[in-house]
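Here the structure is laid out as structure tokens; the discussion comes afterwards.
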Amino acid sequence: MSEKPELVSETESEDDHRYEDTEDVLLGSDDAPAAPETAGNVSSISISTTKADDDDPPATPTPVSPSAVKKTTPGSFPGAGNDDEATPAASPSTKTEELTPGTFPDATYDETPSPASSAPPPPLPHRPAASSGDGGAAAARGESPPTLPPRHGAPSLPPRKRSAFSWFLGNKSQTSLKSEDNITALANSYRASSQPAKVDEKIVAEGYGLMYSRMQQNQDSLSEKEERERQAVLQAGELLQEDFRQLRQKESVENPFIDWDFWSRVIEDYATVAKEHPKQLKEAISAGFPTELRSIIWQIITSSKNAALQDFYTEILKESTPHEKAIRRDLSRTSFVMETSPDSLYNVIKAYSLFDPEVGYTQGMAFVTTPLLLTLNEVDAFCLLVRLLKDYELRTMFLQEMPGLHLKLYQFDRLLEDQVPSVHIHLTRQGVKSSMYASQWFLTLFAYKFPLSMVLRIFDIIMTEGIEAILKFGVALIRKNADTILALKFDHLLPFLKESIFDVYREGSGDVFRVNEFVRDAMDVKIHPLLLHKYQDEYLEINRLERERLEEVEALRLANGQLTLQVRRIESTLVALEKEHIEVANEMVQGKVKLASLQDENETLNMQVSEMKRITGDEDLEALVGLRHDNERLVSENQQLQAQMAEMKQELDEVRGKHGELDAQHSNLKSKWGDMRKLLDAMPNE
């Protein structure tokens, strides 16, 4: 059996390592870290046991009454189009001593849906199997998984770096749009948020099929647009209808096998046909859209044609993007894109990287864009790509944290658990997670493996049922290969899931596949929006609990750090106190030694005094007393003399004062005498 040529060469450049941390996880590297098992309360709602066909008209589904709402256990979900027997639920009283990879303890359920969170999700959680096994899984035995052979044909995931839209506005050329406000407003109006899908309440309540759900969401999206934009979309639809009428006049004779009347009704009023003739429409979709009409039907169903967005595309191509080098490198080494014009593919991917800088560019975009370019012209392909990534929420798979991919993988695991429980249990026991093999299915919409003619058929169903339809093809592959999967162990199971699982639809040893059989098997898989909505609530609740656990761990880690810092400070203070205590103790020892020395000296002096007293005796004592009296007498006399001297000094001061007055009077008299003498001398002698 010849192998399909590799899609991506093994040549690497310096930019190939920008996203190594997620590529191994998403493409199933054996070195990829396993997602942590989590447990927690998940919201669960059971639907009516009346089974509704996937494409029944709106009048047939049985709505859920309040009394029908009840708690369910993991692995059981009555109704919801599950043809297999419900998986027995694990007993709540059973205590799991050892968990196999991909399982977690039984979760408790409540009926309160958790709000959507914009925070980036933790690693993909996994549901528990209906019954736990012992042995069989390499990880369960404590052994490391075997080394896997290199991948062939699987596209790598180039990294993405977030870039602000402001860089584009600051580097606009002179020939850019006349109004910068117009280009910004247009981009913002089409740029989608990263929030989870908003499911219509009517669709959730009544359990309509994916086709009706997608049609209703497309209509709601159109009705939410501004009047001017809505009218532009309707006018574009009228132009497509006119193109169909002209094509019918030209091709109806040459292509009599096309049911022109039916497709005319679809193109003129797709919503009415989807509501009133769902089975006929489903059969037509399963058979594939006519090649001559595919471009018109795609644009009619998705309402993607938009004149404003076409003008935006024409102008945005004049700008440059930091992803140009990576885009050209990946396109040059990817054989898949050779089916179309590399320049057109480059232009569309470059334009979208400028249009949505948050997503930027990833290699998986080439696999999504190529089928569009094979069907539509370059401008219309860009408009449809924007529609798929925005309103069909395909962009959530290409965001940095890939929240959409994690959600789809979780929903895929739950579908396997409900619809193919034996395979789900076997994969769980073997330690094989869906992220090891199914990531490339969902990121490329199977375009990396199948020929383009087959990919176009898959795209037909995606256009009518939404991205959720890709889950049908995944479940169909697992169902078709169930017996083979159950017979394989880990060493051969993962390579089979990555490469050989598609051979069941291969014609002989060539690259021709039985596309009709594959599509029929996928369309036979019953998936209701209510079921996916339930899985989404479970996923969000598990993520919420995991985030709370991580926040609690982080809070404890922070508190532990603060306590550690306090302990270190206390230890430092204790060391200082111990040092001070040692110093005080040393001083006390020295004081005691000095005190003992002083006591000895005091005793010696006392002994000397006693000896002196003994020697001197009483005579010396009387002499000392006499000397004391004489001394006191002399002191008294001295005091009297000092008093007399003070009085004499006072009298001397008084005499000096009087002497000063006499000197002053003498000087005055002398002065007067001088004056009188002068007068006498001046008088003439008589």
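The values are calculated or read from the model by the stated rules, or taken from the named source; none is laboratory data. Source: prediction; values computed, not measured. For neighbour counting, all protein chains shown are included, and Cβ atoms are generated from backbone atoms with ideal geometry for every residue, glycine included.
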Subset of the stretch 394-408 that is out of contact with any helix residue (DSSP H, G or I) (no Cβ under 6 Å at 6 or more places or on another chain) and not hydrophobic (A, V, I, L, M, F, W, C) - its residue that is surrounded by the most Cβ atoms within 10 Å (Cβ to Cβ): H406
Taking the condition closer than 30 Å to K613 by Cβ and surrounded by 10 or more Cβ atoms within 10 Å (Cβ to Cβ), does A623 pass? yes
For the stretch 277-291, what are the residues that are of a type in the set (A, V, I, L, M, F, W, C) and either surrounded by fewer than 16 Cβ atoms within 10 Å (Cβ to Cβ) or on the phi > 0 side of the Ramachandran plot (or both)? A287
Scan (1) touching a Ser or Thr at 6+ places or on another chain (Cβ under 8 Å); (2) crowded, with 23+ Cβ neighbours inside 10 Å for the single condition E378 breaks and write down its number. (2)
For the stretch 537-549, does any single residue satisfy the condition of being loosely packed, with under 12 Cβ neighbours inside 10 Å and not aromatic (F, W, Y)? yes
From E292, E283, E358, which residue is modelled with pLDDT of 90 or more, outside any loop (DSSP other than H, G, I, E, B) and acidic (D, E)? E283
Do we have any residue at all in the stretch 437-451 that's among the aliphatic types (A, V, I, L, M), buried (at least 22 other Cβ atoms within 10 Å of the Cβ), closer than 16 Å to V515 by Cβ and in contact with a Pro (Cβ under 6 Å, 6 or more places away or on another chain)? no
Against the condition part of a loop (DSSP other than H, G, I, E, B), touching a Ser or Thr at 6+ places or on another chain (Cβ under 9 Å) and hydrophobic (A, V, I, L, M, F, W, C), how does I258 come out, does it pass? yes
Output yes when any residue across the stretch 587-594 is surrounded by 10 or more Cβ atoms within 10 Å (Cβ to Cβ), in contact with a Pro (Cβ under 8 Å, 6 or more places away or on another chain) and among the acidic types (D, E), and no when none is. no
Note: among S252, S264, just one is surrounded by 15 or more Cβ atoms within 10 Å (Cβ to Cβ) and of a type in the set (S, T, Y), namely S264
Residue that is nearest to the chain's Cα centre (by Cα) [pool: residues in the stretch 221-263 that are among the aliphatic types (A, V, I, L, M) and farther than 21 Å from L293 by Cβ]: L222
Return the pairs, sorted by first residue and then second, in which the second residue is part of a loop (DSSP other than H, G, I, E, B) and among the acidic types (D, E), the first residue lies in the stretch 501-520 and is in contact (Cβ under 8 Å) with a residue 60 or more places away in the chain and surrounded by 15 or more Cβ atoms within 10 Å (Cβ to Cβ), the beta carbons are less than 9 Å apart, and the residues are 6+ apart or on different chains. F513/E507
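Table: residues versus (1) part of a helix (DSSP H, G or I); (2) out of contact with any helix residue (DSSP H, G or I) (no Cβ under 7 Å at 6 or more places or on another chain); (3) under 20 Å from Q299 (Cα atoms).
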| residue | (1), (2), (3) |
| --- | --- |
| L384 | yes, no, yes |
| Y410 | yes, no, no |
| K449 | no, no, no |
| L456 | yes, no, yes |
| T464 | yes, no, yes |
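Every residue, every condition in (1) part of a helix (DSSP H, G or I); (2) at pLDDT 90 or above, yes or no:
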| residue | (1), (2) |
| --- | --- |
| I501 | yes, yes |
| S509 | no, no |
| V519 | yes, yes |
| K526 | no, yes |
| Y535 | yes, yes |
| E538 | yes, yes |
| R549 | yes, yes |
On the phi > 0 side of the Ramachandran plot and polar (S, T, N, Q), is that true of S252? no
